Amino acid sequence: MEAKEMITLSLAQAQEYLDMALDGLTQKEAAWSPGPECNSIAFILWHVARVEDFFVNRVIQRLGEVYTVDGWVDKLGTPAKGTGFQYTLEQIQDWPVPKIEVLEEYADSVRDKTLSFIRDLSPERLSEVPRPEQSQDSIGETLRHITTEIGLHIGQIYYLRGIQRGLGK
């Protein structure tokens, strides 16, 4: 199995798990947080889509992010800058929760762009370092990081959903 195929299959499997975790989720459940210093499912989904968007589009391809180029920042009503990484307590508490359906559409749009990029990516480019002035991470290492982060955050979404609904509900 080639690296591109493994990355594509990992993203497809992660999408299946995410779809199951979000199936039937209400807006109230998406916005719920177990405490004032904790993230909601909506925030985690936004963050993971923003990270994928940032790294694939801005870092690797040096393009504009889907978030701004396609107007998702306005459709979601979320902050124009940042991905949620290292947000302060105040930023987390002030984060406006968008409609879960619109948030899912944004995440799907980002994933479509990611898969299109990977489909057209030559195997040789996986070793290319897109921003040597800032990081020595290759395209392949960056995509590995993204797939790992997606998996971690999907686990958090399942956990929060389980806290709210219990097992199998």
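The values are calculated or read from the model by the stated rules, or taken from the named source; none is laboratory data. A quick note: this is a predicted structure, and the numbers were derived from the prediction, not measured. Here the Cβ is made from the backbone with ideal geometry for all residues, glycine too, and neighbour counts use every protein chain on show. Just the protein is used for accessible areas: all its heavy atoms, side chains included, with ligands, DNA and RNA removed. Shrake-Rupley method; radii C 1.70, N 1.55, O 1.52, S 1.80 Å.
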Enumeration of residues in region 15-43 that are surrounded by fewer than 19 Cβ atoms within 10 Å (Cβ to Cβ), among the hydrophobic types (A, V, I, L, M, F, W, C) and in a helix (DSSP H, G or I):
Met20, Ala31
Condition (residue is on the phi < 0 side of the Ramachandran plot, hydroxyl-bearing (Ser, Thr, Tyr) and either modelled with pLDDT under 95 or in contact with a His (Cβ under 6 Å, 6 or more places away or on another chain) (or both)) applied to region 84-97: is it met by at least one residue?
yes
Suppose we keep only residues that are open to solvent by 90 Å² or more (accessible area, probe 1.4 Å) and under 19 Å from the mean Cα position of the chain (by Cα) within region 93-118. Which one would you say is farthest from Gly24 (Cα to Cα)?
Lys113
Six or more apart or on different chains, Cβ under 9 Å: which pairs go from a residue in region 28-40 that's at positive phi to one that's open to solvent by less than 50 Å² (accessible area, probe 1.4 Å)? Could you list them?
none
Is it the case that Glu90 is part of a loop (DSSP other than H, G, I, E, B) and loosely packed, with under 14 Cβ neighbours inside 10 Å?
no
